[in-house]
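A short worksheet on the structure shown next.
The values are calculated or read from the model by the stated rules, or taken from the named source; none is laboratory data. Values in this document were obtained by computation on a predicted structure and should not be read as measured data. Here the Cβ is made from the backbone with ideal geometry for all residues, glycine too, and neighbour counts use every protein chain on show.
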Amino acid sequence: MGKFVRVAAKSDIADRSAISVEIGDSKIALFNLGGRIYAIDDTCPHNGGPLCEGRIDGDEVTCPWHGSRFNIKTGVVTAPPAVEGVARYNVRVSGDDVEVEV
């Protein structure tokens, strides 16, 4: 079991948008879907595109570089060219603090 680290303020992540945060050497994308915050790796495994800059459609994000799609809640790849998903992180929100388990 990891530890939770404060990474952002919930108020900094508008609904249906994302931001990127760094924890150590990891880049993590935080998504706000209807007031719930989700965290997945920010780097597309296909060619390194920044998922936080992708288009959000429902609970999926499309990589802005080559169009791979990932489920924001699970990290599972849902459309190529990527063939593998990205890591998903546990998130907890306390007041305005967003914490990610690492």
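Would you call residue 10 over 16 Å from residue 96 (Cα atoms) and in contact (Cβ under 8 Å) with a residue 12 or more places away in the chain? No, not satisfied. Residues that are over 15 Å from residue 90 (Cα atoms) and touching a helix residue (DSSP H, G or I) at 6+ places or on another chain (Cβ under 6 Å) within region 20-43 comprise just one, 20.
Scanning region 14-47 for residues that are modelled with pLDDT of 95 or more, more than 8 Å from the chain's Cα centre (by Cα) and closer than 13 Å to residue 85 by Cα yields 43, 44, 45, 46. Counted as qualifying within region 14-91 are the strands (runs of 3 or more DSSP E) with 2 or more residues that are free of Cβ contacts under 8 Å to residues at least 60 places away in the same chain and in contact with an Asp or Glu (Cβ under 7 Å, 6 or more places away or on another chain), namely 17-23, 26-33, 69-71, 77-79.
Pick from 29, 18: which is among the hydrophobic types (A, V, I, L, M, F, W, C), in contact with a Gly (Cβ under 8 Å, 6 or more places away or on another chain), surrounded by 15 or more Cβ atoms within 10 Å (Cβ to Cβ) and closer than 16 Å to residue 100 by Cβ?
18
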